[in-house]
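To start, the structure under review is shown below, and the notes come after it.
The values are calculated or read from the model by the stated rules, or taken from the named source; none is laboratory data. Fair warning: this is a prediction, and the values are worked out from it, not measured in the lab. Reconstructed Cβ throughout: ideal geometry from the backbone, glycine too, with neighbour counts over all protein chains shown. Only protein heavy atoms, including side chains, enter the accessible area calculation; ligands, DNA and RNA are left aside. Shrake-Rupley method; radii C 1.70, N 1.55, O 1.52, S 1.80 Å.
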Amino acid sequence: MTGTRKFEFTRRNFLISSAAVGGGLALGLRLPPFGPAVVRAADGSPEITVWVVIRPDNTTAIRVVRAEMGQGTLTGLAQLVAEELDCDWNKVSIEYPTPGESVARKRAWGEFSTGGSRGIRQSNEYVRKGGAAARMMLVQAAADEWKVPASECTASNSVITHKGSGRKTTYGKVAEAAARLPQPKDVPLKDPKTWKIAGKPLKRLDTAKKVDGTMIYGMDLKMPGMLNAAIKECPVFGGKVKSFDANQVSGMTGVKKVVQVGDNAVAVVADTWWHAKTALEQLSINWDEGPNAKISSADIAAVLKEGLSAEQAFVGNQAGGDVKAALAGASKKVEAVYAYPFQNHACMEPMNATVRWTPERCEMWGPTQNGEGAFAQVLAASGLAADKVDVHNVMLGGGFGRRGTYPDDYVTQAVLIAKQMPGTPIKMIWSREEDMAHGRYHPVMQCKLTGGLDASGNLTGLHMRLSGQSILAAVRPEVVQAQKGRDPLSFQGVFESGEHSLTYSVPNLLVDHAMRNTHVPPGFWRGVNINQNAVFIESFMDELAEAAGQDPLEFRRKLLGNSPRALGVLNAVAEKIGWSKPAPKGVYRGLAQMKAFDSFVAAACEISVKDGNKVKVHRIVAATDPGYAVNPAQIERQVAGSFVYGLSALFFQECTVKDGRVEQTNFHQYNSMRIAQMPKVETILMPTGGPVWGGIGEPTICVAAPAVMNAYAKATGKRIRSVPLKNYGIELV
């Protein structure tokens, strides 16, 4: 048997009995052993399609496998299914299939990963078809009962009506019969112009429990007999445990066991996490810090600087003829070097996972952006077969890429600890200091840009040389190998084609990357490489415009003739900010645009600067063309939230390296903007439709920083070319 667990995320109701802890999949979905029987959910209700369960009381359970971490994917996906299902939105609840169930059913729910702004755009078609097919089956079941053609029946709000006779029935009454019907092969979808649930600014399904404090996050989880673990990994990346004396702390209050975790970490297991943490702090651990123990930020910067002029580099975008010749023959040449630092995800909820391991079964409960990725980690670390393991995703207290698949280091650690205490659920929580010391950091990068202008101020040649880390080389080397050494993601926003292609048309163009990997592990940080690439290219566009004696907006417009959607969002923010009119006295404007994750985004800002270093961002106008908008209210919140993350990174955030380890330990050294510093955000949502759906959660983050940097250059006459601005004594007020 296999099972879909419906998680009632409340502190009062989240009771995991000892039977549930040991029972695993047997508690959930019941699959028929043979014949055309009905697949049933845990409460016995029939499954119509893998995405839809209809209960006898006419309520609807919609299945979601993508992770919810504040971005609204849960509600958006439910809207898409409900739209095609024509169910009563007020009677919708959510169920979360597990990866183990998916494996048992030949990946019936497809991709679990939530990252790269793919949650909705990648799965929209098949979840909509899941809802539409369920509606067709329910209507057919009613038609069969009435002995009329299905074409004479309509469905709305979980009620089916026969047009000729006026007879009505509910989904709940025909669900049993519908579940026995074969699923239709031809499943047409609605025209988005007719949407009544999708495309509307409906309230999120998870807000109430977050507001009243009943939402359960990974750190809140409680189980019978559960113990808690605190862990410390060698502070130098690549280092190992040399020795430790468990007897030093084994007698401390609440301590149950001291264990080595892999070859590079030590954990203390205790009755409470605070007892575990306190004991771990008292434990003397001798580390073999390895060959990276003396590396500093200066050493890394020197390696990247060398890459700016290296002969060998991987080409990500090339157009026209000889770029070197074009630059050499230019009437005016502009050159600039930019830099972007390591940055930590700094999720409000540190890494954690709860695992129970026995020789017969291993289950993990915890926050993950990719249930299947976590499943693979549990499978590998547990030593058990695939039908003996499972992962139960709990609400995430932030993700931003850190809780993605590459790597789920904290999941593996939790399993390795639990294996040393068989049968006991172990909740492992990282301290904030551990979370800062062992992130998977935004990659460090430098960039040298050289542009050539003709006598009329037209851009005739552009060379953009990137030098820095490759994320894929660290986490998916097979992709880099298939690309003959190139990491295509390094070129996000400036690539030759696809979802991150450069929107500007330049007669002679070369964008290349000198890969310079460091011992500091990189990871997918919200927006990923568009963050630094937008700072590089959009700041430099302003520098080129200034050298050409042209308005930055007009300069860009001339280069966007072949990208009407990019031009559309740029024009929209310019008009809304009042670009063609003088700014108020003491106020300065900046703008930026980029294509990212198949969406077109632009931002224009207004700032003022006091005493040369105190910056007030008054407003940011942001335009987004994602193709389609599933929940406009959520998109507005996502855009504003991305600016919190992006502006915090711009002004405050940097991870530096000394003696092989990250120096920052907590928020006093790795700050975030406050509510009073947050500008007014005006969102322009302009979906243009078409065959491609764009992302929402990540694209707009990249345009806030260069827009503000461009405005600051106008205000002060000083061009800042590296992040964060605090290094220049610049404050956000």
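Overview of results
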| quantity | calculated |
| --- | --- |
| Hits in the range 638-656 (condition: assigned to a helix (DSSP H, G or I) and either touching a residue at least 60 places away in the same chain (Cβ under 8 Å) or not assigned by TED's automatic domain parsing to the domain that holds PRO552 (or both)) | GLN638, VAL639, GLY641, SER642, PHE643, TYR645, GLY646, LEU647, ALA649, LEU650, PHE651 |
| Qualifying residue in the range 459-469 (condition: assigned to a loop (DSSP other than H, G, I, E, B), in contact with a Gly (Cβ under 8 Å, 6 or more places away or on another chain) and in contact (Cβ under 8 Å) with a residue 24 or more places away in the chain) | no |
| Search result, residues across the range 36-64 that are at pLDDT 95 or above and among the hydrophobic types (A, V, I, L, M, F, W, C) | ILE48, VAL50, TRP51, VAL52, VAL53, ILE54, ALA61, ILE62, VAL64 |
| Residues (open to solvent by 10 Å² or more (accessible area, probe 1.4 Å) and under 22 Å from the mean Cα position of the chain (by Cα)) located in the range 78-96 | ILE94, TYR96 |
| Strands (runs of 3 or more DSSP E) contained in the range 276-364 and holding at least 2 residues surrounded by fewer than 18 Cβ atoms within 10 Å (Cβ to Cβ) | 285-288, 314-319, 332-340 |
| Counted residues, the range 657-694 - those being part of a strand (DSSP E or B), under 30 Å from GLY238 (Cα atoms) and out of contact with any helix residue (DSSP H, G or I) (no Cβ under 8 Å at 6 or more places or on another chain) | 0 |
| Filter result (touching a Phe, Trp or Tyr at 6+ places or on another chain (Cβ under 6 Å) and either touching a residue at least 12 places away in the same chain (Cβ under 8 Å) or among the aromatic types (Phe, Trp, Tyr) (or both)) within the range 524-554 | ARG526, GLN532, PHE536, LEU553 |
| Matching option when the condition is open to solvent by less than 20 Å² (accessible area, probe 1.4 Å) and part of a helix (DSSP H, G or I), among ALA198, ALA208, ALA177, ALA141 | ALA141 |
| In the range 144-173, the residues that are within 36 Å of the chain's Cα centre (by Cα) and assigned to a helix (DSSP H, G or I) | TYR171 |
| Residue in the range 491-499 that is closer than 30 Å to GLY290 by Cα, surrounded by fewer than 22 Cβ atoms within 10 Å (Cβ to Cβ), modelled with pLDDT of 95 or more and touching a Ser or Thr at 6+ places or on another chain (Cβ under 7 Å) present | no |
| Residues located in the range 405-441, provided they are assigned to a loop (DSSP other than H, G, I, E, B), open to solvent by 10 Å² or more (accessible area, probe 1.4 Å) and within 30 Å of ILE696 (Cα to Cα) | THR405, TYR406, PRO407, ARG440 |
| Looking only at the range 97-122, and only at residues there that are touching a residue at least 24 places away in the same chain (Cβ under 8 Å), out of contact with any Phe, Trp or Tyr (no Cβ under 9 Å at 6 or more places or on another chain) and not hydrophobic (A, V, I, L, M, F, W, C), the one that is nearest to LEU74 (Cα to Cα) | GLY119 |
| Check on ALA67, modelled with pLDDT of 55 or more and more than 17 Å from ALA104 (Cα to Cα) | yes |
| Tally of residues being under 17 Å from MET709 (Cα atoms) and free of Cβ contacts under 8 Å to residues at least 40 places away in the same chain across the range 555-582 | 2 |
| Test: VAL65 is in the same structural domain as PRO201 (by TED's automatic domain parsing), part of a strand (DSSP E or B) and surrounded by 21 or more Cβ atoms within 10 Å (Cβ to Cβ) | no |
| Answer residue from the range 235-256, given it is under 29 Å from LYS658 (Cα atoms) and in a strand (DSSP E or B) and is nearest to the chain's Cα centre (by Cα) among those | LYS240 |
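Yes/no matrix, rows are residues, columns are (1) closer than 27 Å to LEU489 by Cβ; (2) under 30 Å from the mean Cα position of the chain (by Cα); (3) in contact (Cβ under 8 Å) with a residue 24 or more places away in the chain:
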| site | (1), (2), (3) |
| --- | --- |
| GLU233 | yes, yes, yes |
| VAL258 | no, no, yes |
| ALA265 | no, yes, yes |
| VAL268 | no, no, yes |
| GLU281 | no, no, no |
| GLY290 | no, no, yes |
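Residue-wise test of (1) β-branched (Val, Ile, Thr); (2) in contact with a Cys (Cβ under 7 Å, 6 or more places away or on another chain); (3) at negative phi.
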{"site": "GLY590", "(1), (2), (3)": "no, yes, yes"}
{"site": "LYS595", "(1), (2), (3)": "no, no, yes"}
{"site": "VAL617", "(1), (2), (3)": "yes, yes, yes"}
{"site": "TYR628", "(1), (2), (3)": "no, no, yes"}
{"site": "CYS655", "(1), (2), (3)": "no, no, yes"}
{"site": "ARG661", "(1), (2), (3)": "no, no, yes"}
{"site": "HIS668", "(1), (2), (3)": "no, no, yes"}
